[in-house]
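Reading through the structure tokens given below for one structure.
The values are calculated or read from the model by the stated rules, or taken from the named source; none is laboratory data. Just so it is clear, the structure is predicted and the values come from calculations on it, not from any experiment. Heads up, the Cβs are rebuilt from the backbone with ideal geometry, glycines too, and the neighbour counts pull from every protein chain shown. What goes into the accessible areas is simple: the full protein's heavy atoms, side chains included, and nothing from ligands, DNA or RNA. Shrake-Rupley method; radii C 1.70, N 1.55, O 1.52, S 1.80 Å.
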Amino acid sequence: MRAFFSYGVAFLIILAAGAWLSTGTLIQGGQGPGNGERHIVELVDGGKEGPVKTALETSGVLSEPEHHTDVDPALTIAQRQEKTQGETAPARSVRIQTFTAKDMPIEVPLRGQTKAKATVTAAAETTGIVASVVVSKGQAVKTGDLLCTLDQGTRQAAVAQAEASFAQAQ
């Protein structure tokens, strides 16, 4: 089975190469169109009207290259370009458009997140009920700023009792 597959692939490659060579053109000595250019099939058939060439032409596989009658094969490439692009060449149509530069505002939308440099926890030195909060969350404060006030209800009585105990002890 392996040998059958190998020989089959080799046969298909030979058929593909033969088909490719039969449609190609052989240029001998670097001569261009009209100067020695021949189909490879002519070498196999031995002439211009062999059986292989006729069969390929009728099937449409083999086609004659288009020869431009206005191109002189004796001219070099530079001479051909001079003929078509020189001073005697026909004028070409050209479209023009004028552009003006305008100042445009540069707007760059940015999205991101910010992070605090430091996080500080405020701790109370005394206990009590908070009466009012003076600052809001995330607001910048300095040392000594008032953050909140405590309810003075029971504190006043506790201070008066402490002062009375102090006076009695003296």
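Key figures
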read-out: Pairs where the first residue, in segment 1-17, is closer than 23 Å to Val61 by Cβ and outside any helix (DSSP H, G or I) and the second is of a type in the set (Val, Ile, Thr) and open to solvent by 70 Å² or more (accessible area, probe 1.4 Å), C-beta under 6 Å, 6+ apart; value: none
read-out: Among (1) at pLDDT 70 or above; (2) touching a Ser or Thr at 6+ places or on another chain (Cβ under 9 Å) - the single one Val41 does not satisfy; value: (1)
read-out: Lone qualifier among Thr154, Thr119 - being in a loop (DSSP other than H, G, I, E, B), among the hydroxyl-bearing types (Ser, Thr, Tyr) and free of Cβ contacts under 8 Å to residues at least 40 places away in the same chain; value: Thr119
read-out: Qualifying residue in segment 128-136 (condition: loosely packed, with under 10 Cβ neighbours inside 10 Å and in contact with a Cys (Cβ under 7 Å, 6 or more places away or on another chain)); value: yes
read-out: Residue in segment 96-111 that is more than 31 Å from the chain's Cα centre (by Cα), in a loop (DSSP other than H, G, I, E, B), surrounded by fewer than 10 Cβ atoms within 10 Å (Cβ to Cβ) and not assigned by the TED database to the domain that holds Val159 present; value: no
read-out: Residue check, Ala118 open to solvent by less than 100 Å² (accessible area, probe 1.4 Å), closer than 30 Å to Ala157 by Cα and either in contact with a Lys or Arg (Cβ under 9 Å, 6 or more places away or on another chain) or not charged (D, E, K, R) (or both); value: no
read-out: Failed criterion for Leu146 (all others in (1) touching a residue at least 12 places away in the same chain (Cβ under 8 Å); (2) open to solvent by 80 Å² or more (accessible area, probe 1.4 Å); (3) touching a strand residue (DSSP E or B) at 6+ places or on another chain (Cβ under 9 Å) hold); value: (3)
